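K.L.:
Could you have a look at this structure, given as structure tokens, before my questions?
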Amino acid sequence: MISGLRLYLSRHASSFWRYIAEQSLYLVFGWVPTVIGIGLRGVVYRVILNIDGWAAIENKVRLLFADNIRLGHGVYLDQNVYLHACQQGIEIGENTIIMHGAILHVYNFRDLPNSRIKIGRDSLVGEYTVIRGQGGVEIGDRVYTSPFSQIIAVNHVYDDPGLPFIEQGITAEGIVIEDDVWLASGAIITDGVRIGKGAVVAAGAVVTEDVPAHTVVGGIPARPIREIDQGQQIETEKIIYHLKVGRK
């Protein structure tokens with residue numbers, strides 16, 4: 001029982017006393033709704049989190065290894081967001097939004113050298129997106145993931161039919177997503193992939209190879225559909241809406 005308790009604590013916080021401090025603050029302040037709760041957490045959570053400027057944290061947000069989480073100014077964490085940072089941490093850049101139910105999970109209990117999640121500024125992680133950072137995930141500026149996207153920087157080895165796959169280890173090469181990329185709903189990015197600047201991944205696509213910059217890919221496995229050419233004009237009868245100045 002004691003060993004099981006130690007294992008549980010080691011997977012939730014950097015130390016026993018950090019666990020007590022973090023869970024105590026969540027118990028007292030984590031449930032408080034509305035802007036009152038956001039204001040309280042914006043002040044009190046600085047005791048356990050690294051916050052640059054001001055960040056808005058809704059109620060029911062779950063944070064583990066909070067001392068390894070850094071939030072830039074203007075970050076917004078929606079309800080039911082789950083951040084599990086482990087040792088190397090999670091860093092979220094300025095004005096980035098993490099939407100309802102998203103899971104960012106470094107989950108490094110094998111002493112993997114590059115495990116972390118880093119997201120740039122002005123990005124958006126869509127509802128119920130899952131990011132697993134065992135091999136390291138680096139996401140640039142102005143990257144949008146749509147609902148139910150998956151970015152999974154880990155893979156199981158299963159080449160030996162005589163062994164259960166859980167005994168064969170894992171690979172963790174890492175994923176890089178450059179600036180101005182859009183992942184449409186349900187897109188899956190597998191380990192070892194780099195997605196170039198300005199690329200678009202179509203809904204439901206499974207990306208298993210690098211994606212060149214300014215390229216649209218789709219399918220299972222994903223293949224190039226077309227290049228995005230600066231001089232190219234796409235005729236459409238659809239109404240196009242643009243951001244208003246000063247608003248995201």
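K.L.:
Of the lysine pairs in the chain, how many meet both conditions: Cα atoms under 23 Å apart, and a spacing of 8 or more in sequence or different chains?
P.N.:
Lysine pairs satisfying the spacing and distance rule in the chain number 5.
K.L.:
Another question about this same structure. Stretched out fully, how many nm does the piece from residue 240 to residue 173 gain, at 0.36 nm a residue minus the Cα gap?
P.N.:
20.3 nm
K.L.:
List every residue whose amide H lies under 5 Å from the amide H of residue 177, counting only residues 5 or more places away in sequence or on a different chain, with H placed 1.01 Å from N in the peptide plane.
P.N.:
138, 139, 140, 195
K.L.:
Heads up, I need the accessible area for residue 197: 1.4 angstrom probe, whole protein in place, Å², nearest 10.
P.N.:
Number for this one is 90 Å².
K.L.:
Okay, moving on. Return the FRET efficiency for the residue pair residue 59, residue 223: r is the Cβ-Cβ distance, R0 is 51 Å, and the value is rounded to the nearest 0.05.
P.N.:
E between residue 59 and residue 223, to the nearest 0.05, is 0.75.
K.L.:
With N denoting the number of residues in the stretch 147-188, provide Rg(C-alpha) divided by 2.2 N^0.38 Å, to two decimal places.
P.N.:
Numbers: Rg = 14.5 Å, N = 42, 2.2 N^0.38 = 9.1 Å.
Relative to the rule-of-thumb radius for its length, the stretch 147-188 sits at 1.59.
K.L.:
Starting from the Cα of residue 208, step 7 Å toward the Cβ, then list every residue of the stretch 105-139 with an amide N under 15 Å from that point.
P.N.:
Within reach of a label on residue 208, which here means backbone N under 15 Å from a point 7 Å along Cα→Cβ, the stretch 105-139 contributes nothing.
K.L.:
Can you list residues from other chains, or at least 5 along the same chain, whose modelled amide H is less than 5 Å from the amide H of residue 151?
P.N.:
The answer is 130, 131, 132, 189.
K.L.:
Cα-based Rg of the chain per 2.2 N^0.38 Å, rounded to two decimals?
P.N.:
1.09
K.L.:
How large is the charge dipole for the chain, taken about the Cα centre, if only the Cβ atoms of Lys, Arg (+1) and Asp, Glu (-1) carry charge, to the nearest 20 debye? If you can, show how the numbers build up before the last one.
P.N.:
Details: 22 positive and 26 negative charges, 185 e Å.
In debye, rounded to 20, the chain gives about 900.
K.L.:
Computed over the Cα atoms of the stretch 124-216, what is the ratio Rg over Rh, Rh following Kirkwood? Could the numbers behind the result be given before it?
P.N.:
On the way: Rg = 13.8 Å, Rh = 13.4 Å.
Rg/Rh: 1.03.
K.L.:
Further question on the same structure: Rounded to the nearest 10 Å², what accessible area does residue 227 have for a 1.4 Å probe in the complete protein model?
P.N.:
Roll a 1.4 Å probe over it and residue 227 shows about 140 Å².
K.L.:
Order these peptides, 28-35, 132-139, 168-175, by their mean beta-carbon neighbour count within 10 angstrom, highest first.
P.N.:
Top to bottom by mean Cβ count within 10 Å: 132-139, 168-175, 28-35.
K.L.:
When only the heavy atoms of the protein chains count and the probe is 1.4 Å, how do 242, 73 rank by accessible area, highest first?
P.N.:
242, 73
K.L.:
Let me ask something additional. Across the stretch 103-118, in residue order, what do the Karplus-derived ³J(HN,Hα) couplings come to in whole Hz, using 6.51 cos²θ - 1.76 cosθ + 1.60 with θ = phi - 60° and x for Gly and Pro?
P.N.:
Residue by residue, the stretch 103-118 yields 10, 10, 9, 6, 6, 10, 10, 10, 6, 6, x, 10, 5, 4, 10, 10 Hz.
K.L.:
As an exercise, use a Förster radius of 45 Å and the Cβ-Cβ distance of residue 2 and residue 185 to find the FRET efficiency, rounded to the nearest 0.05.
P.N.:
Values: r = 45 Å, r/R0 = 1.01.
Efficiency for this residue pair is about 0.50.
K.L.:
Using only DSSP helix segments of four residues or longer, with each worth -39500 (n - 2.57), what per-residue ellipticity at 222 nm results for the chain after dividing by its residue count and rounding to 500?
P.N.:
One gets -4000 deg cm²/dmol as the mean residue ellipticity at 222 nm.
The values are calculated or read from the model by the stated rules, or taken from the named source; none is laboratory data. Keep in mind it's a predicted model, so treat the numbers as computed, not measured. Heads up, the Cβs are rebuilt from the backbone with ideal geometry, glycines too, and the neighbour counts pull from every protein chain shown. These area figures cover heavy atoms from the full protein model, side chains too; ligands, DNA and RNA do not enter into them. Shrake-Rupley method; radii C 1.70, N 1.55, O 1.52, S 1.80 Å.
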